[in-house]
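For reference, the structure is listed below as C-alpha cells.
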Amino acid sequence: MLEGNALMTMDNVTKQYPAVVALHEVDLSFTEGITGLLGENGAGKSTMIKILLGLVPPTSGSVQVLGEDVTRNPLVRTRLGYMPEHDCLPFEAPAAEFLCHIAEVSGLPAARARMRAADTLRHVGLFEARHRPMGTYSTGMKQRVKLAQALVHDPDIVLLDEPAAGLDPAGRDDMLGLVRKTYREFGITVVFSSHLMSDVERTCDRITVLEGGRVAKSGAVAEYTAETRTLFIEVDGNRERFVAALEARGVSVGVGKGGVAVQGSDEDLADLVRDALVEAEAPLRRMAPRRRELAELFTGVDGDHGEAGEAG
Amino acid sequence: MAETRTAQAAGDPKAGGVVFDIGYQRYAGPREGRRRARLAVYKDGFRKVLGLGRGPKAKLLPWACILVLVGISIVMAAMVGFGQRTLGDVGAEMVPGTSHYFYYSIFGLNILFIFAALVAPRLLCPDRRNGTLHLYLVRPLTATDYVLARWAACLTVMVLVVWLPQFVLLAGRVLGHPEPLTYLDDNWTDIPKFLLSGAAIAAMVTAVSMLASGLATRRGYASVLLIALFVIPNAVTAPFAFNPQLQWVSMFSLGDVLGETNKLIFNGVEQAAEADSQVEDPFGDLDLDTAQTRFSPAFLLAAYFGWLLAPVVVLWMYYRRLRL
C-alpha cells in the first residue's frame, strides 16, 4: 500500500504489548489531505498515532515521517502537531499564555510564539476568551484549545485523536468544520482517528479502517461512497399508488421510510418511473442514484440492495 | 485577501476602521529546535515555582517562606549590629548564632525544606496529572530534556533562595560594622564559603524534592512525602548522634548530611581530642558559630554525593522509561 508522495509510511509495523498485539504487520502510507483512522475502541488507532509521533517505538518494522525516523530524530516533531483525546490542558493558565509557551516548546522564538498564539486562537474562534483561565472554558472551547495547541507552530501534519469526542451535536459540527478548514484553508495535512463513521464520512478524503490491529480497508472515501445501481425516489404523496404503478410495469421496488428504491439506472427505467409518476399523480420531490455509505464497510450490506429508508 | 469594514466605516469609507482578514498565514520564521524547547520548559518552571504570572494564592506560600528566610537574616544582622555598636567587637562576638555558618544550621534549613516541599511538586506533578506531559513529549523535546529543564529551574530558584538571605546577612554585618571595609577584609572568606555551602544545600534539596515530585501524581502527596522525608529520618537518627561507633547512622538523615557538610565547608573537621570531650559532655562548651564536623571529608562527601546523585539517577531513569 506504499505510495509516492507519502508524508508518513509504516512498513510492516508490529506493536506487541505484554498482553496484546496492538498493531500487526501494518503497511500503510499517508498522503496529503485528510485521512480518517476508523476503528472500534482497541482497534489500534491511538497506538498507530503514538508510533507515528515517536512516543512509542514499534516492536518491529519501520516508520518514516517526513522522510525521517521519528524515534531517532525528535526534530521531525517541529513539523508535527498532536491533539490527544484525553484532557491535557493546565486549567489555571490562560489559553494565550499556554499556547505561547507551547509554541516556544515547539522551537519558535518568544516574540513569534506570541504572535502565532494570538493568530491561532483567532482561527479557532477563541480570540475573545484568550486571557481567561482554561478551567473556566466549556468542553467545546477546551477542544478548540487542544486543536490550537496542535496548530500553533504551523506543522506540516497534524494528528488528531478523537477530536470530536464528548461534544454535543453543534460542537461536533464546529469541530469537524475546523478539521476540514485545517487542510482546505491552512494547507495542513490531517490524520484523525474516530470510531464514528459519520465523522469520517463528512470530513475525510481518505479512510483507513483498523480491525484488531490490522488494516482492514484503506482508500479514498469517494471509492466507498460511489454511486450504486439503485435509483432512489421520493414523492410528496400517493406513494402507494406510485409503487403499484411501478410494480405493474415489472419494476423491482424496495420501500422504506425515506422513499422508494428501484434497481437499475438506465434511461428505460427512467421512462418507466416517469410514466408511473404520471399514472399515480404522485408529485416528484427527488430522484437520484443512491450512494453507498461507509457503514456498509462494516455491516457488509451491498449498496445495490440496501434499504430504501437508509438511502439519500 | 478578504476585506470587511467595521460598522462605523461602512457608511463612510474615509472614517477609517478597515479590518483586513488576511486568512491563515504559514509560519516562515526560524525554528530553534531543542535548545529553545529546553529554555521554554526551564523558564516556565522558574515562573511556576515562584507563582509568577499567577494569582496571589500561587504566590502566597513561596514568597512567605522567602520573606521568613530573609527576615531571619535581617534579625541576625540587627543583633550583630546592635552588639557591635554598643560594645564593639567584643559585643559582636557575645551575640552567638549570627554567623553565615549558623544561618543554615537550624532555622534556615528547616524553612528551606518547607519551601522545597511546597514548590518543587509544582514542577512535575501537574504536568503528569493534567496530561500536559504528552504535549511536551510530542515536541522536539525528549523526556530527559524535559526533566533536566525542570530540575534546572528548581535548582536555580533554590540557589537564589539559599543565597539571598546570606547576602542580606552579609550586607547587614558589613553596614553594621563601624569600619565596613575592615570587616570585609577580615571576613571575605565567608563569601565563597556561603556560596559553596548554599549551592551544596540547594542541589541536594532539589534532587530529593524533584524525585518525590516525579513519583507522586498529586502535589499534596509529594509535599507530605517530602516533609516526612525531611523530618522522620532526622528524628530516628538523633539518638545516635553522640555515639562515636554509630554516628554514621546520621548520614541517613538529609538534615544531618547537610548540616555536617555545612560545618565542613565553614569550619573544617574537628580534632579527635575535641571530639572526645564533646562526647563526654555533649552540651558543654557548645559554640554555635564555629562547630566542626566529626566525619572525615571523604566519608561526608560520599554520603553527600550519594544523597545527591541517587535521586537524580532514579528520576532520570523513571522519565526515560515513562510510556505515555
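No value in this document is a laboratory result; all are computed from the given coordinates. What you are looking at is a predicted structure, and each value in this text was computed from that prediction instead of being measured. Methodologically, a virtual Cβ is constructed for each residue, glycine included, from the backbone with ideal geometry; neighbour enumeration extends over all protein chains shown.
In table form, for the structure just shown:
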| quantity | calculated |
| --- | --- |
| MRE, 222 nm, helices only [DSSP H, n ≥ 4, -39500 (n - 2.57), over chain A, to nearest 500] | -10000 deg cm²/dmol |
| Size of electric dipole in chain A: Cβ of Lys, Arg +1 and of Asp, Glu -1, about Cα centre, debye, nearest 20 | 1260 |
| Kirkwood-based shape ratio for the stretch A:1-130, expressed as Rg/Rh from alpha carbons | 1.03 |
| Average partner coverage of A:115-122, which counts Cβ from other chains inside 10 Å | 2 |
| Efficiency of FRET between B:ALA64 and B:ALA241 - r from beta-carbon atoms, R0 25 angstrom, step 0.05 | 0.20 |
| Kirkwood-type radius of the protein assembly as shown, with distances r between different C-alpha atoms, in Å | 29.9 |
| Residues B:TYR101, B:TYR24, sorted so that the one with the fewest Cβ neighbours within 10 Å comes first | B:TYR24, B:TYR101 |
| Share antiparallel - DSSP beta bridges, the protein assembly as shown, percent rounded to 5 | 65 |
| Peptide A:87-93, shielding by other chains (average Cβ, 10 Å cutoff) | 6 |
| Pair-distance profile P(r), taking every C-alpha pair of the stretch A:182-228, with 10 angstrom steps and integer % | 22, 53, 22, 2 |
| Shape of the stretch A:16-83, Cα gyration tensor, a/c cut at 1.5 | oblate |
| For the stretch A:194-248 and the stretch A:46-81, distance of Cα centres in Å | 34 |
| q = 0.10, 0.13, 0.14 Å⁻¹, chain A: log10 I(q)/I(0) [Debye, one scatterer per Cα] | -0.67, -0.93, -1.01 |
| Largest-first principal axis extents of the Cα set of the stretch B:153-200 (Å) | 39, 16, 9 |
| Long-range tail of P(r) for the stretch B:124-170 (Cα pairs > 14 Å, %) | 62 |
| Rg ratio (alpha-carbon, reference 2.2 N^0.38 Å) - the stretch B:18-149 | 1.67 |
